[in-house]
Each structure stands twice: as structure tokens, then as C-alpha cells.
Amino acid sequence: MRAQNEDSKLDQSIIQTIKEKNPKTVQELVKLLQQNHQTPEKEILEQIINLQSQGKITFKDETFQLPLSLRGYMFSASAYWYWTVIALAITTGLMVFTIPENAYPIVYARYVLGSIFVLLLPGYNFIKALFPTRELDNIERIALSIGTSLAIVPITGLILNYTPWGIRITPITLSLLALTLTFANAALLREHQTQLKHNSTSAK
């Protein structure tokens, strides 16, 4: 109970300090708070991040942005690509198993999404995991994504060929779906870790 009261007081102090003092950087805010609270810097930062993830405080200045928790980052605007990939992958999987080959014209949507699912998504997420920051421009990233997908898909088929399931539509779709989701989660984790390091360096 005492710890909760202390956290509540610190939360109120953080909000009040931002309103009254209008600090320009994270370090400035922490120093102002430490004048009134004998709390370690790490705990103060954790409370600020917690308030930001709850939407109780917002930062307009990019230099004052704090890294969110992984959960918060997952549902932030920075992770739009992640949910786009997840939606495309799952939608394609559902269409493969629910839309028959003779269901015209909706089957063409299955062909389009299937092409993206095979030729782009596995490689895109793999490259995203390797290069989570903007080290590559869009053209380079797309080109590498297609090339990597063209390498991943045949290898997946080769492995399936030596399993009891063989090279059939169901095991191939499920295997590529699993790989895409695995790579996407790895890429999201790497991107979040890179963001944490970047913000930590900026704060210093």
C-alpha cells in the first residue's frame, strides 16, 4: 500500500512538473523531480514511461519522446507495419482454405494476396528483423524482401518434401504463415530494442 501511495504521489508530481515547468528534455524532467523526490532515476523513468503508455501524458517534441514498453510499442503508430503484415498473412491463409479454385471472381483476390504472401512477406519480415532501423530505403528493402522470399520459399518446400506432409497446399501455407509470424515478431522485438537504445543514447 505504501509503495502504491508513493507511486501515486510521483505520478501527480510528474504531471504537475510537466505542466508548470515545461521541461525540454527527459533528463531535465528527471532532475526537476529528483529535487522533490529521493527516488532513483531508473524508477522515475519507469513511472514516466508508464504514464505515457496509459495516455495520461503526451510528448509533442520528438526529442522528448520516451520508449514505450514492448506491449505499448506494439499498439503504437510505429508498429503499423506489424499489424499490416499480420492482417495480410492471416487473411491470405483464411482465403486459401475457404475460397475454392472455381469461385470466380473472388478467387482473383486469393491469387493477388497469395502472390504477396509468397513473394514478399517472408522476406520482408526477415529483412526487417536484420535491419530494424531505416538503414535501407524502400526500394532496397522491397528488392531484398523479394529476393529473400524467393530463397525462403524453396527451402521451405525442400524441407517439407522430406516430411510426412509433403509439398501440398496446406502444409506449405501453414509453414509460410508460421515463418511470417515468427519473423514479424522477431522484427518487432528488434525494432523496439533499437528504439530503446536510441532513446537511451539521446538522453545521455
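Fully extending the segment from Ile49 to Asn36, taken as 0.36 nm per residue of separation minus the present Cα-Cα distance, adds 2.8 nm.
Helix-only arithmetic for the chain: the sum of -39500 (n - 2.57) across DSSP H runs with n ≥ 4, divided by the residue total, places the mean residue ellipticity at 222 nm at -24000 deg cm²/dmol. Size descriptors for the chain: radius of gyration and Dmax over Cα atoms are 23.0, 72 Å.
How large is the Kirkwood hydrodynamic radius of segment 108-199, counting all unique pairs of alpha carbons, in Å?
Working: mean 1/r = 0.0713 Å⁻¹.
With all distinct Cα pairs of segment 108-199 included, I get 14.0 Å.
Maximal additional length on extending the Ile146-Leu119 stretch stands at 9.2 nm, based on 0.36 nm per residue less the C-alpha distance. Using the Cβ-Cβ distance between Gln16 and Ser76 with R0 set to 22 Å, the FRET efficiency works out to roughly 0.30. Which FRET efficiency value, to the nearest 0.05, is calculated for Ile106 and Ile167 with the Förster distance at 41 angstrom and r the Cβ-Cβ distance? In this case the efficiency is close to 0.95. Which whole DSSP H helices in the chain pass both tests: a Cα extent of 20 Å or more along the axis and a mean Kyte-Doolittle value no lower than 1.0? Flagged H segments are 80-98, 138-161. Extension gain for Thr182-Glu135 works out to 14.7 nm (0.36 nm per residue, less the C-alpha to C-alpha distance).
The charge dipole of segment 77-202, taken about its Cα centre with unit charges on the Cβ of Lys, Arg, Asp and Glu (plus for the first two, minus for the last two), comes to roughly 140 debye. Taking a Cβ cut-off of under 12 Å around Ala184, the surrounding Lys, Arg, Asp and Glu residues balance to a net charge of +1, with basic ones at +1 and acidic ones at -1.
Values in this text are rule-based calculations from the coordinates and carry no lab data. These numbers come from a predicted model, not from an experiment. Reconstructed Cβ throughout: ideal geometry from the backbone, glycine too, with neighbour counts over all protein chains shown.
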